[in-house]
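The structure under discussion appears below in the form of structure tokens.
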Amino acid sequence: MNFDPLGQKILGNTLENYLWFASIVLAGLVFKNLISRAVSYLLFNLLKKHFKTIGVQKLVDLVNRPFSITIFLLFVYIACSRLHFPDEWHLASEKEFGVRMTLMRIFQMTLVVFITWTITRITDYAGLVLKQRSLQTDSKMDDLFIPFMTSAIKALIVIFGFLVILGNVF
């Protein structure tokens, strides 16, 4: 008789599936900040000619936390795809109301919230750049207009994120 320790089943999943899950989550924890910083630097380099008044470090500081959490959520989603609920539990599919649908909707809502947070942080950075440029002009009108427009755009982004949540999740 051949004994395969990775083939043992626990709650309908093999030990190999649990190891894949743990390794993907661990990889997400290790690489989330690295990927977040790399994407922030890439974004800065793409828009460098417009954003050179304020350095890349401010963009990284603003975007790193929400973007790294978003990346970690994606790693967790990929890791969870390696596991499945036991058939003995007779749970409804993701299309029908039940545990699977609820978990999927919570994940989607959380992902939209963190993507919205990331976009608002990018808007904050753009507002800082525009404010820095407006300080170089003689007019005081643009000094007042830039923070107002930044806040208005952030409000629109949050409203759009809320509508996406309502449309996709509920």
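Protein heavy-atom accessible surface, 1.4 Å probe, per residue over region 108-161: 63 Å². Per-residue ellipticity at 222 nm computed for the chain from its helices equals -25000 deg cm²/dmol, with DSSP H segments shorter than 4 residues left out and the rest contributing -39,500 (n - 2.57). Look at where the Cα atoms of region 39-105 and of region 124-153 average out, and the two centres are 30 Å apart.
Of all trypsin sites (Lys or Arg not before Pro) in region 63-170, which ones are in loop regions per DSSP and have a Cβ with at most 14 other Cβ atoms within 10 Å? Please list the in-between numbers first.
Details: sites: 82, 95, 100, 105, 121, 131, 133, 140, 154; in loops: 82, 95, 140.
Answer by residue number: 95, 140.
Summing Cβ point charges (Lys, Arg +1; Asp, Glu -1) relative to the Cα centre of region 38-123 gives a dipole of roughly 680 debye. Of the chymotrypsin sites (Phe, Trp or Tyr not before Pro) in region 48-126, the ones in a loop by DSSP (not H, G, I, E or B) with at most 12 other beta carbons within 10 Å are 97.
Per-residue SASA remark: residue 153, around 70 Å² accessible (1.4 Å probe; ligands, DNA and RNA not included). I'd like the accessible area for residue 50, computed on protein heavy atoms only with a 1.4 Å probe and all protein chains in place. Round to 10 Å², please. My reading of the accessible area for residue 50 is about 90 Å². Expressed in Å, the radius of gyration and Dmax of the Cα atoms of the chain are 22.0, 86.
In the chain, what percent of the accessible surface is made up of carbon and sulfur (1.4 Å probe, ligands and nucleic acids excluded)?
Accessible surface attributable to carbon and sulfur in the chain totals 69 percent.
In plain terms, the C-alpha convex hull of region 88-170 casts an average shadow of 5.9 nm² when viewed from every direction.
The values are calculated or read from the model by the stated rules, or taken from the named source; none is laboratory data. Every value quoted in this text rests on a predicted model; they were computed, and no experiment measured them. Counting neighbours? That spans all protein chains shown, and the Cβs are built from the backbone with ideal geometry, glycine included. Heads up: the accessible areas ignore ligands, DNA and RNA and are worked out on the full protein's heavy atoms, side chains in. Shrake-Rupley method; radii C 1.70, N 1.55, O 1.52, S 1.80 Å.
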